[in-house]
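Working notes for the structure below.
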Amino acid sequence: MPESNRSRSSSRRIAAAVLLLIPAVITLYSVAQHIETSKFNEAPMRPVDPPQVVAAGKALYEKNCQSCHSADLRGKENIGPNILRSQDALVDMHGESLEPIIRGEKAGLTNHRILTEKDDVAAVAAYVRSILTEIGSQGRPPGDSLRSPNILVGDAASGKQYFEAKCTRCHSAEGDMKGIGKKISSPKTLQSAWIRGNHFGVPVPVITATVQEPGKPAVEGTAIHVDDFLVTVKLQDGTMQTIRRTPQTKVEVHDPLEAHRNLLPTYTDKDIHDVTAYLVTLK
Amino acid sequence: MKLRIFSFTAALLLGPLSHAQSVTHEDLMRPLKDSWLTYNGDYTSKRYSSLTAVNRKTVKNLGLTWIAKMVPGNEPAPLTGYSRVNAPVIVGGEGTEQRSTRGGSIKGTFLENNGVLYVTMPDNVWAVDARSGEVLWHYFWKTRGGTHIGNRGVALWHDYVFFETPDNYLVSLEAKTGKERWHRKIANVEGGYFSTAAPTIIKNHVLAGVGNDIDAPMFLKSYDPETGDLQWTWYVTPQNPGDPGLDTWKNLDAARHGGGGTWVAGAYDPETNLYILGTGNPTPSWQTGLRGDGDNLYTCSLVGLDVDTGKMKWYYSTSPHDTHDYDSAQVPVLVDGTFKGHQRKLVMTASRNGYFFVLDRVTGEHLLTSKLSDATNWAEGYTEKGAPKTNPAKDASIGGTLISPASGGTVNWQPPAFSPQTGLLYQYHVDSYSLAYLTDPDPRGAMGLGGKEEVGMGTTGSYVLGIDYKTGKPRWRRKLYGTGFGGGGLLATAGGLVFTGDGSGSLVAYDAGNGNPLWSTRIGSVSNAPQTFELDGHQYVISAAGDTVYAFELK
């Protein structure tokens with residue numbers, strides 16, 4: 001084995017070198033990660049700036065830029081534009097586009113002439129670039145997917161009234177809906193669930209079909225495929241059967257969720273919010 | 001001497017061939033028939049073929065003639081048919097690394113000229129033998145990135161092919177060999193731009209459009225097809241003080257970031273020299289804090305541009321002040337027909353927002369708006385110009401707003417078809433619902449498509465409509481068996497047929513007069529618009545499902 005020829009000291013030196021290399025490898029790895037693509041639009045990522053430069057840039061931004069462009073860089077109306085949607089910022093790789101703007105060299109930006117040190121200007125540009133990498137897909141601002149305001153804006157008492165008037169033919173607060181507010185703890189999920197008639201994690205009710213060909217016994221089973229020409233059903237014994245449709249073939253499809261879908265045009269937004277506010281109380 | 005005779009014979013044999021290959025302005029001006037030379041078949045965008053061999057009576061005999069699977073990327077194409085030779089792969093592009101090509105399905109329109117089909121996926125163009133399905137050459141573009149959502153196809157002019165890439169290059173190839181002639185940067189991928197459109201070529205202009213979801217200025221650019229030189233740029237929204245339409249925005253900064261993509265090819269009216277296209281939605285898409293309460297022109301509009309200057313002659317806003325990402329980037333169709341007893345030059349469009357519009361295409365005068373289904377609920381009544389009036393109560397809200405259609409629209413990019421025989425415009429219509437939650441109540445509004453969460457609530461119906469443009473009402477409504485669009489667009493023929501995907505795994509033909517289903521074949525989810533052309537006296541019908549092209553003939 002080649003290793004056996006090595007002296008102890010050289011092994012130690014290698015071990016030390018490996019230890020020293022770990023952070024470097026991690027850095028390289030993270031750089032490699034970043035080089036892949038941006039989550040914004042799959043474009044190649046810019047080179048990553050050293051964290052200490054970004055941190056210095058952040059401090060300078062807060063002191064000199066934030067009052068007009070906001071802490072989140074999304075600007076203040078009629079005072080400072082949103083930097084995150086600025087083409088000049090988005091195309092910047094290493095300061096070539098941002099730095100002249102920060103220095104106030106572009107027309108109409110004389111009020112930018114605050115930072116004079118070259119390194120300070122570069123640091124602010126580095127900080128801006130670091131935030132640009134946080135833009136989400138389809139141009140969403142940083143942190144957009146984390147925002148989740150409380151959607152409970154309805155009136156539970158009105159929701160109870162609506163439920164009792166419109167839903168109790170099929171559902172009851174003491175029966176199938178008992179504890180629904182506990183079973184589905186997220187009000188947003190609960191709202192989707194009752195409107196659709198089912199929700200993620202619960203099996204979708206089976207759609208069945210009855211096919212009646214002239215002079216033949218009706219075939220009934222789980223609807224696998226239906227179109228204008230063919231119907232495929234899975235029979236009770238587990239076998240599948242495909243039937244060619246003719247103008248005389250009668251096909252009835254029974255979708256348990258169809259009734260729920262047909263209610264969609266009847267809801268007002270207030271109905272929806274009220275019913276949800278009521279259902280969350282069914283703990 | 002022998003040699004000379006041979007050359008002479010060769011010239012006789014090859015001369016007509018090489019001549020026929022070249023696509024002239026006169027060729028592009030002809031109504032759709034034996035070839036398919038531009039995205040929407042011809043400049044009227046009717047996707048109406050005058051071929052009649054395949055018709056209501058014979059369509060039952062339509063059978064498979066070849067299948068060709070396209071393999072994207074920088075690899076030799078697999079051997080197809082009886083070939084023992086791999087087709088050449090020509091590699092171009094500014095990207096430095098090999099990147100997997102996503103969106104690997106065919107959503108574009110093929111062009112057919114002289115027995116050669118041009119097929120695309122993002123970053124990939126194939127020349128395919130239209131008689132056999134054999135790949136003749138494959139061009140692969142190494143990308144720098146950009147949203148790889150789809151590619152709508154190539155343009156042809158003289159002996160050249162033109163296409164756009166997701167990282168926003170207009171690339172020109174030699175039609176015969178696939179060798180690159182030049183490429184030009186249309187927009188910066190770093191700025192969020194991506195390009196899916198099929199370029200349109202009119203006279204000596206290559207018109208290239210773009211998309212972008214972040215709040216960016218959008219434009220249509222015109223290039224010289226010979227040199228690749230930029231001729232003009234038309235911005236969709238005002239970019240400078242004093243620009244028309246600026247009073248429909250809160251301020252210049254809002255207008256400059258106002259979006260309005262140009263990602264679907266339009267139609268061309270030679271008499272007025274207008275290129276007529278639909279523009280995309282304003283940005284930020286869902287919140288208007290920065291945009292103001294105005295119409296946000298010229299987003300979500302039909303516009304008529306002088307093709308030589310890029311100057312707008314008229315516009316009509318089909319979704320003034322959009323707040324639901326309802327691009328009006330649908331293909332407009334040019335029809336000469338009677339309207340209220342008068343012969344008129346019309347343009348019509350079935351928009352993503354659920355409404356149908358008819359205008360006078362010479363003046364832009366509004367003639368008709370109709371709501372295609374009762375489900376559509378985002379608007380209340382009409383503006384004084386006859387456009388649907390957006391109902392602010394149907395904007396995204398914290399508690400969730402039930403909107404119909406969902407932001408994907410009653411229809412999206414899928415090109416419609418129009419038959420002069422029936423006077424009907426054929427288009428998909430999906431009654432979809434979603435809950436639109438406002439997640440970022442910041443009065444400044446969000447950016448791009450942010451600040452909201454949209455949760456699908458299902459669909460109550462999915463159809464192909466045959467819309468009578470004189471009334472704006474569907475004369476027939478064919479139910480589809482899926483919950484989405486039937487496929488990637490429609491084709492109408494003089495054989496009295498409408499071809500489309502049926503949304504549940506088949507390519508189908510309907511009777512154009514009443515929507516009755518006449519023929520179907522289970523090739524999988526049809527991903528582009530079916531097309532037809534004629535070669536050696538045979539009428540072909542072609543369509544794609546995923547990465548595979550299927551060709552049919554009468555058997």
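List of remarks:
- Residue in segment A:204-215 that is closer than 26 Å to B:Gly524 by Cβ, within 33 Å of the chain's Cα centre (by Cα) and away from chain B (no Cβ under 14 Å) present: yes
- Restricting segment A:186-209 to residues that are small (Gly, Ala, Ser) and within 22 Å of A:Thr168 (Cα to Cα) leaves a set whose member that is most open to solvent (accessible area, probe 1.4 Å) is A:Gly197.
- Segment B:343-392 - residue that is out of contact with any strand residue (DSSP E or B) (no Cβ under 8 Å at 6 or more places or on another chain) and open to solvent by 20 Å² or more (accessible area, probe 1.4 Å) and, of those, nearest to B:Gly466 (Cα to Cα): B:Asp374
- Of all the listed residues (B:Tyr481, B:Tyr463), the sole one being closer than 30 Å to A:Arg196 by Cβ, of a type in the set (Ser, Thr, Tyr), within 11 Å of another protein chain (Cβ to nearest Cβ) and in contact with a His (Cβ under 9 Å, 6 or more places away or on another chain) is B:Tyr481.
- Pick from segment B:233-257, criterion more than 14 Å from chain A (Cβ to nearest Cβ) and in contact with a Lys or Arg (Cβ under 8 Å, 6 or more places away or on another chain), ranking: surrounded by the fewest Cβ atoms within 10 Å (Cβ to Cβ): B:Thr233
- Residue identified as at pLDDT 95 or above, farther than 20 Å from A:Asp274 by Cα and outside any helix (DSSP H, G or I) among A:Val211, A:Val153: A:Val211
- Contacts under 7 angstrom Cβ, first residue in segment B:454-469 being closer than 24 Å to B:Val358 by Cβ, partner acidic (Asp, Glu) and not in a strand (DSSP E or B), 6 or more apart: none
- Under the condition of being touching a Lys or Arg at 6+ places or on another chain (Cβ under 8 Å) and within 11 Å of another protein chain (Cβ to nearest Cβ), the residues counted in segment A:228-250 number 4.
- Scope segment B:261-289; condition without any contact (Cβ under 8 Å) to a residue 60 or more places away in the chain and either more than 14 Å from every other protein chain (Cβ to nearest Cβ) or of a type in the set (Phe, Trp, Tyr) (or both); matching residues: B:Asn273
- Count of segment A:86-100 residues which are buried (at least 17 other Cβ atoms within 10 Å of the Cβ) and within 12 Å of chain B (Cβ to nearest Cβ): 7
- Matching residues in segment A:58-88 - criterion: being at pLDDT 95 or above, over 16 Å from A:Arg129 (Cβ atoms) and polar (S, T, N, Q): A:Asn64, A:Gln66, A:Ser67, A:Ser70
- Residues that are open to solvent by less than 10 Å² (accessible area, probe 1.4 Å), in a strand (DSSP E or B) and more than 14 Å from B:Gly304 (Cα to Cα) within segment B:323-338 comprise B:Val335, B:Gly337, listed in sequence order.
- Extreme residue, nearest to A:Val233 (Cα to Cα), among residues of segment A:164-182 that are open to solvent by 30 Å² or more (accessible area, probe 1.4 Å) and not in a loop (DSSP other than H, G, I, E, B): A:Lys166
- Number of positions in segment B:292-308 that are touching a His at 6+ places or on another chain (Cβ under 8 Å) and open to solvent by less than 10 Å² (accessible area, probe 1.4 Å): 2
- Some residue of segment A:27-35 being aromatic (Phe, Trp, Tyr), at negative phi and modelled with pLDDT of 50 or more: no
- Filtered residues of segment B:494-509 (kept if in contact (Cβ under 8 Å) with a residue 40 or more places away in the chain and at the interface with chain A (Cβ under 9 Å from one of its Cβ atoms)): B:Gly503
- Breaking point among (1) at positive phi; (2) surrounded by 18 or more Cβ atoms within 10 Å (Cβ to Cβ), for A:Gly215: (2)
- Of the listed requirements (1) open to solvent by less than 70 Å² (accessible area, probe 1.4 Å); (2) over 22 Å from B:Ser373 (Cα atoms); (3) within 11 Å of chain B (Cβ to nearest Cβ), A:Lys270 misses just one: (1).
- Summed over segment A:101-123, the residues that are open to solvent by less than 30 Å² (accessible area, probe 1.4 Å) and under 16 Å from A:Gly57 (Cα atoms) give a count of 5.
- Check on A:Ala89, aliphatic (A, V, I, L, M), without any contact (Cβ under 8 Å) to a residue 60 or more places away in the chain and out of contact with any helix residue (DSSP H, G or I) (no Cβ under 7 Å at 6 or more places or on another chain): no
- The condition of being hydroxyl-bearing (Ser, Thr, Tyr) and either modelled with pLDDT of 95 or more or not in a loop (DSSP other than H, G, I, E, B) (or both) holds for only one of A:Ser148, A:Ser130, A:Ser185, that being A:Ser130.
The values are calculated or read from the model by the stated rules, or taken from the named source; none is laboratory data. Since this is a predicted model, take the numbers as computed values, not measurements. Virtual Cβ from ideal backbone geometry, glycine too; neighbours counted across all protein chains shown. Areas reflect the complete protein model, heavy atoms only, side chains present, ligands, DNA and RNA absent. Shrake-Rupley method; radii C 1.70, N 1.55, O 1.52, S 1.80 Å.
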